[in-house]
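Every read-out reported here was derived from the displayed coordinates using simple, explicitly stated rules and does not represent laboratory data. Please read all numbers here as calculations on a predicted model, not as lab measurements. As a convention, Cβ positions derive from the backbone with ideal geometry for all residues, glycine included, and neighbour counts pool all protein chains shown.
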């Protein structure tokens with residue numbers, strides 16, 4: 001294997017991770033924007049997943065189909081973004097029924 005093929009493989013992997021991370025950020029931003037009242041009530045009830053289940057499940061399904069199944073080795077950036085942005089770094093706010101990371 002020559003250096004250019006190693007470089008190309010590394011670049012392809014970096015682009016894949018970048019696309020997956022951007023996808024996760026956009027999906028969570030859309031939930032935050034279009035479901036603002038449910039986000040607020042979910043945080044207050046400490047059950048974001050219960051308040052946003054159809055939206056979170058749709059985003060999880062799309063992330064799984066686009067990044068986890070075909071590529072493998074991609075972290076669950078969607079879960080990370082849900083915790084970081086929607087739950088404000090407090091995973092407990094996702095609620096007891098939240099299934100946890102995909103990967």
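Below, the figures for the structure above:
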{"item": "Degrees, to the nearest 10: 48-63 long Cα axis against longest axis of the chain", "result": "20 degrees"}
{"item": "Inter-label distance for residue 46 and residue 62, nm, one decimal - labels placed 7 Å from Cα along Cα-to-Cβ", "result": "3.1 nm"}
{"item": "Degrees between helix 3-34 axis and first principal axis of the chain (Cα, 0 to 90, nearest 10)", "result": "10 degrees"}
{"item": "Helix-only [θ]222 nm of the chain, DSSP H runs n ≥ 4, -39500 (n - 2.57) each, per residue, nearest 500", "result": "-20000 deg cm²/dmol"}
{"item": "Contour excess over end-to-end distance, with Cα ends at residue 90 and residue 37 and 0.36 nm allotted per residue", "result": "17.2 nm"}
{"item": "Identified option (computed Cα extents along the principal axes in Å; candidates (1) 56, 22, 21; (2) 33, 32, 25; (3) 46, 28, 20)", "result": "(1)"}
{"item": "Relative contact order computed over the range 3-94 (Cα-Cα under 8 Å; 6+ residues apart), in percent", "result": "35 percent"}
